[in-house]
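Report on the structure given below.
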Amino acid sequence: MSKQLVLMDHDGGVDDYLATMLLLTMDHIELLGVVATPADCYIKASVSATRKILDLMGFSHIPVAESTVRGINPFPRLYRRDSLIVDHLPILNQNEFINTSLVAETGQDFMVRVLREASAPVTLMVTGPLTTVAVALEKAPEIATKIQKIVWMGGALNVPGNVEKSLEAGQDGSAEWNVYWDAISAAQVWETEIEIIMCPLDLTNNVPVTSDLVRQMGRQRNYPISDLAGQCYALVIPQDYYFWDVLATAYLGHPEFYQLREWETEIITTGLSQGRTKLVDGGRKIQAMDQVDKTAFYAYVLRQFAR
Ligand SMILES: [Ca+2]
């Protein structure tokens, strides 16, 4: 059977590197490239860390591209600086040079080209804002037919968002960060007919990164990927951290762990609820990950990183 073609578009948070690592462990996936969107990161550090991870995992033939799109509401700098820390972790700096190539074109142009040239429709695995996807679709609308589906970490349906009022005054707290960074682009993607499977906060709120799991990762640190993952999770353990991007990405590995539910939705682009994914009768139909077998998911992550 031919492999499932996937293009990854992440935005450089700790979680995004872990999601990329998880994707690379999936044997039935052919990863066509990784685009870094300049949202929850400092982009140079994000691109560098991504390339080093591909090197470490033996995938230096997979190209990385730097998206140059712009958002509307920047991520807090305390979140973004994690990209710089990950890029400096010892295990990612054992070699002087990086083998994985950084393509010359922008991430959005790269996305257009990869989709145009793909031999079959491609799954977009997006763990950041939808801006690069929206810009690529604006440049080359015909690529929509080459997108099999978008699997996306984003949105909050029946729970509060995570753009807290303490960080962003003047909001009502309903937005999720990946939407809030650029709700207009999310709304543009909502206007397409592309299948969207989203992993909203409704689900991720139930799947925390626990001390117990991080310690289990430590006990298998003889595996380089567990060592790196354990370091990354140790970095974020003081925060309320959840399996956001990793939970969304694991769907590609084991969709049977999840139950999906269809909702009719609208992206709010202005006002106090800017960045909200609102349930609206007659709105854009999307599939949301609704339930997950947590035990199976945690075991899967530990197993996949044991390499
Ligand atoms: Ca992310």
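For segment 141-160, give me each residue that is in a loop (DSSP other than H, G, I, E, B) and buried (at least 17 other Cβ atoms within 10 Å of the Cβ).
Gly154, Gly155, Ala156, Leu157
Restrict the check to segment 68-81 and report whether at least one residue is open to solvent by less than 10 Å² (accessible area, probe 1.4 Å), at negative phi, in contact with a strand residue (DSSP E or B) (Cβ under 9 Å, 6 or more places away or on another chain) and not aliphatic (A, V, I, L, M).
No: zero hits.
Considering each residue of segment 1-53, count those that are within 15 Å of the chain's Cα centre (by Cα), away from the ligand (no atom under 14 Å from the Cβ) and either under 22 Å from Trp177 (Cα atoms) or assigned to a strand (DSSP E or B) (or both), and give that number.
The qualifying residues number 5.
For segment 108-122, indicate whether the set of residues that are away from the ligand (no atom under 16 Å from the Cβ), within 18 Å of the chain's Cα centre (by Cα) and open to solvent by 10 Å² or more (accessible area, probe 1.4 Å) is non-empty.
Yes: one or more hits.
Scan (1) open to solvent by less than 30 Å² (accessible area, probe 1.4 Å); (2) part of a helix (DSSP H, G or I) for the single condition Gln231 breaks and write down its number.
Against the list (1) open to solvent by less than 30 Å² (accessible area, probe 1.4 Å); (2) part of a helix (DSSP H, G or I), Gln231 comes up short only on (1).
Is it fair to say Thr127 is crowded, with 24+ Cβ neighbours inside 10 Å and hydroxyl-bearing (Ser, Thr, Tyr)?
yes
If you check every pair at least six apart or on different chains, which have Cβ atoms under 6 Å apart with a residue in segment 7-22 that is within 10 Å of Ala229 (Cα to Cα) and of a type in the set (D, E, K, R) first and a residue that is near the ligand (Cβ under 10 Å from one of its atoms) and not in a helix (DSSP H, G or I) second?
Matching pairs, first to second residue: Asp15/Trp244.
The values are calculated or read from the model by the stated rules, or taken from the named source; none is laboratory data. Predicted, not measured: the structure shown is a model, and the values here were computed from it. FYI the Cβ positions are ideal-geometry reconstructions off the backbone, even for glycines, and counts take in every protein chain you see. Remember, those area values only see protein heavy atoms, side chains included, never the ligands or the DNA or RNA. Shrake-Rupley method; radii C 1.70, N 1.55, O 1.52, S 1.80 Å.
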